[in-house]
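In what follows, a single structure is set out as structure tokens and then discussed.
The values are calculated or read from the model by the stated rules, or taken from the named source; none is laboratory data. The model shown is predicted, which means the values in this text are computed figures rather than measured ones. Glycine also receives a Cβ, built like all others from the backbone with ideal geometry; neighbour counts cover every protein chain displayed.
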Amino acid sequence: MAYDDQKGLTGREPVAFVEMDFNACSLTYGTGDCTASGSGDSKCFNSYATCQDKDNFAPTTKTLRFSNVRIDDLQGDSDVPTFPTLASLSLSPTSLTPSQGLGIRSTCNITLEDHPFSMVGVDQYREDRTYNHADRGSFWSRFLTMFPYYTQNEVRVKTGFLEEDGTYDSANFITRTYFIDSIKGPDPKGRVQIKCKDILRFADKEKATVPVLSQATLDSDITDSATSFDVVDPNDDVKDAYDAGQTYIRIDDEVMEITNLTGASSPYTLTVTRATIPVVYSGSVVAEEHDEDSTVQQCHLFDNQPVDDIAYYLLNTGAGIDASYLPTSDWQDVINFGLQNYAFTSLITEPVGVKDLMEELSHHNIYWFWNEREGKVQMSSIINKVNTFGPFTDEGHIIADSVSVARDESARVSQVWMGFGQRTPVAELDEPTNYSSYYISVDADAEGSNEYDQRKIRRIYSRWLPVNKRTIVTEITNRYLNYYKDTKNLVSLKLDPKDDDAWTGDNISLSTRLIQDPNGTTPERSYLVLETNEITQAGNTTYQYKLQSVGSSFDGSGSRYGLIGPNTLTDYDVESDPNKNTYAFVAYDDRSDGSEGFPTTDSPYLII
């Protein structure tokens with residue numbers, strides 16, 4: 001019986017276990033490619049820390065498993081046994097802030113009980129040693145010494161149900177993926193604390209920048225007119241960038257373009273064009289004298305690249321996130337729905353945190369988040385999409401007395417200002433005078449006395465849009481204003497595991513008696529799932545959802561976007577739902593109530 005069937009049964013007690021990967025050497029000590037020599041206690045533990053032939057270390061992935069009940073048959077015959085030592089598990093979910101940054105990232109805190117252990121499956125040579133591991137300290141005190149390089153290792157948290165006879169079936173479990181941030185312990189009570197975060201932690205500024213900080217320096221002083229000079233480049237930072245087609249460098253506040261680089265090894269001789277920046281910038285930089293040992297920083301030019309390609313480069317090359325976690329085909333589906341013209345340009349002249357650059361991109365009506373269930377970095381936009389799940393109702397789905405509703409005034413805006421067309425790429429991002437143009441989208445009605453009677457401004461400074469991208473700027477600011485021009489409802493509610501299909505980032509429909517229209521009826525409205533939190537107490541699991549209304553607090557329909565469709569489309573009333581959710585239709589008939597337009601249950605389209 002699969003998880004979707006098991007979760008709907010009553011009286012089923014949820015089970016959890018954790019898988020933690022670690023790197024071990026696949027070779028055998030002193031055999032084949034391993035040139036180490038020794039015997040007995042002097043042998044390694046197949047870890048890099050204890051390796052005696054590091055040049056030939058051949059990493060492979062091994063897995064530790066910990067459960068909150070005894071579970072047989074999880075591991076293979078040669079694997080480490082599954083330890084029933086999972087004392088507690090705390091999950092903090094991803095929380096979305098659409099078009100306002102990367103949001104709050106998901107975390108996982110695991111508490112394990114320490115214990116003696118013979119190191120079966122861990123120490124390949126335990127029978128060759130003169131001692132028994134079980135007589136020498138605890139498992140964790142030994143393991144962390146053998147394998148101290150655990151940060152960034154993958155951890156999978158699996159929750160679900162065993163079969164009635166207690167056997168394990170992977171189909172009965174769902175998986176969430178995290179990465180180790182820190183391990184503390186064992187403490188005096190014999191407990192180990194493992195803190196895990198989602199994969200976007202690798203984008204933090206202290207971990208990843210684009211471009212990387214250069215170690216290259218000037219070999220001697222240069223004048224403000226020198227066009228050829230030598231650069232000491234011990235890590236080949238400048239050379240590798242040049243070979244990859246990145247020809248711009250920055251010394252102090254001057255940007256130059258390399259036209260030739262010669263030399264078999266450092267120091268290299270550069271031929272450059274002084275004080276030059278790409279033609280999309282309307283300003284200029286000044287040629288200056290520069291001192292010996294001044295840093296020669298390679299720059300990175302994104303030249304009219306699709307925004308999803310930029311994000312992929314930042315996360316994959318910049319932050320080192322493996323391509324398997326970046327579903328670019330799914331991202332392309334998002335691009336194809338109204339973002340086809342989102343091609344951005346920017347010269348990054350100094351190291352900037354990947355997280356900071358991703359947050360800048362998110363201010364253009366796009367956002368990325370870690371979906372721990374899918375184990376993928378998902379991309380989305382604020383353009384309204386079809387509801388994936390629902391309708392959820394008080395009677396059929398929502399746990400009694402779990403609904404609360406708040407009005408979110410903080411996100412509402414009446415004006416969106418975007419500065420674009422940077423004059424020079426070396427000035428501070430938020431320097432207003434460094435932008436050639438501004439575009440302002442205004443909702444004058446919202447600022448009037450009949451509505452909110454208040455001006456609320458959202459300012460965005462975009463390094464990514466040159467002055468010739470005014471059409472895209474207009475589109476971005478109008479869409480942002482359209483999404484946030486009214487106060488939104490924030491709804492919190494709980495669902496039983498039988499209804500846990502909806503997850504963070506999904507659009508759902510909801511009807512609850514706490515949200516009514518002026519006539520006192522309970523409308524079905526659209527919501528974005530901002531956060532999903534699994535809560536287990538006394539053997540019972542519930543799911544706490546935080547939702548944001550797609551439309552306003554008083555009209556939850558929101559704007560409906562559609563593409564210009566092919567000539568093969570039929571009339572709206574007989575067209576398929578997938579096509580209605582993709583393409584825009586123009587209505588000229590009445591709603592059967594004397595009013596022109598779409599049926600009363602359907603919103604009109606905004607054509608994209």
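Some observations on this one:
- Positions within region 37-70 being assigned to a loop (DSSP other than H, G, I, E, B) and surrounded by fewer than 18 Cβ atoms within 10 Å (Cβ to Cβ), in sequence order: Ser37, Gly38, Ser39, Tyr48, Ala49, Thr50, Gln52, Asp53, Ala58, Val69, Arg70
- The residue that is nearest to Leu200 (Cα to Cα), counting only those in region 143-155 that are part of a loop (DSSP other than H, G, I, E, B) and either of a type outside the set (Val, Ile, Thr) or touching a residue at least 40 places away in the same chain (Cβ under 8 Å) (or both), is Gln152.
- Arg423 being over 21 Å from Leu490 (Cβ atoms) and out of contact with any Leu (no Cβ under 9 Å at 6 or more places or on another chain): yes
- With respect to (1) surrounded by fewer than 20 Cβ atoms within 10 Å (Cβ to Cβ); (2) part of a loop (DSSP other than H, G, I, E, B); (3) of a type in the set (Gly, Ala, Ser), the lone exception for Ser492 is condition (2).
- Residues satisfying the criterion are absent from region 464-477 (criterion: in contact with a helix residue (DSSP H, G or I) (Cβ under 8 Å, 6 or more places away or on another chain) and among the polar types (S, T, N, Q)).
- Only one of the numbered conditions (1) touching a Phe, Trp or Tyr at 6+ places or on another chain (Cβ under 9 Å); (2) part of a loop (DSSP other than H, G, I, E, B); (3) over 30 Å from Val280 (Cβ atoms) is not met by Gln454, and that is (1).
- Residue ID - modelled with the lowest pLDDT, chosen from residues in region 1-27 that are surrounded by 20 or more Cβ atoms within 10 Å (Cβ to Cβ) and within 26 Å of the chain's Cα centre (by Cα): Ala16
- Selection within region 108-142: residues that are part of a loop (DSSP other than H, G, I, E, B), of a type outside the set (S, T, N, Q) and touching a helix residue (DSSP H, G or I) at 6+ places or on another chain (Cβ under 6 Å). The member of this set that is nearest to Thr159 (Cα to Cα) is Asp114.
- Matching option when the condition is under 17 Å from the mean Cα position of the chain (by Cα) and assigned to a loop (DSSP other than H, G, I, E, B), among Ile310, Ile321, Ile335: Ile321
- Qualifying residues in region 224-256 (those that are aromatic (Phe, Trp, Tyr) and under 34 Å from the mean Cα position of the chain (by Cα)) - the one surrounded by the fewest Cβ atoms within 10 Å (Cβ to Cβ): Tyr242
To keep it simple, each residue is scored yes or no on (1) in the same structural domain as His115 (by TED's automatic domain parsing); (2) under 21 Å from Glu127 (Cα atoms); (3) free of Cβ contacts under 8 Å to residues at least 60 places away in the same chain.
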residue	(1), (2), (3)
Ser42	yes, yes, yes
Asp53	yes, no, yes
Asp72	yes, no, no
Ala87	yes, no, no
Leu91	yes, no, no
Thr94	yes, no, no
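- Only strands (runs of 3 or more DSSP E) whose full extent lies in region 385-425 are considered here, and the ones with at least 2 residues that are at pLDDT below 90 and not β-branched (Val, Ile, Thr) are 389-393.
- Test: Thr542 is at pLDDT 80 or above, of a type in the set (Ser, Thr, Tyr) and under 30 Å from Lys494 (Cβ atoms): yes
- Of the criteria (1) surrounded by 15 or more Cβ atoms within 10 Å (Cβ to Cβ); (2) under 30 Å from Glu374 (Cβ atoms); (3) at pLDDT 90 or above, which one Ile174 fails: (3)
- Residues satisfying the stated conditions in region 287-303, i.e. part of a loop (DSSP other than H, G, I, E, B) and either surrounded by 13 or more Cβ atoms within 10 Å (Cβ to Cβ) or modelled with pLDDT under 95 (or both): Ala287, Glu288, Glu289, Ser294, Val296, Cys299
- The one condition from (1) in contact with a helix residue (DSSP H, G or I) (Cβ under 8 Å, 6 or more places away or on another chain); (2) over 19 Å from Asn153 (Cβ atoms) that Arg105 does not meet is (2).
- Selection status of Val377, closer than 19 Å to Arg105 by Cα, crowded, with 21+ Cβ neighbours inside 10 Å, in contact with a Gly (Cβ under 9 Å, 6 or more places away or on another chain) and in contact (Cβ under 8 Å) with a residue 60 or more places away in the chain: no
- Residue, farthest from Phe302 (Cα to Cα), within region 212-223, restricted to residues that are among the small types (Gly, Ala, Ser) and within 33 Å of the chain's Cα centre (by Cα): Ala216
- For region 457-474, the set of residues classified as surrounded by 19 or more Cβ atoms within 10 Å (Cβ to Cβ) and part of a helix (DSSP H, G or I) consists of Lys469, Ile472, Val473, listed by residue number.
- Exactly one residue among Ser265, Ser284 is small (Gly, Ala, Ser), free of Cβ contacts under 8 Å to residues at least 12 places away in the same chain and surrounded by fewer than 16 Cβ atoms within 10 Å (Cβ to Cβ), and that residue is Ser265.
- Filtered residues of region 558-608 (kept if at positive phi and modelled with pLDDT of 75 or more): none
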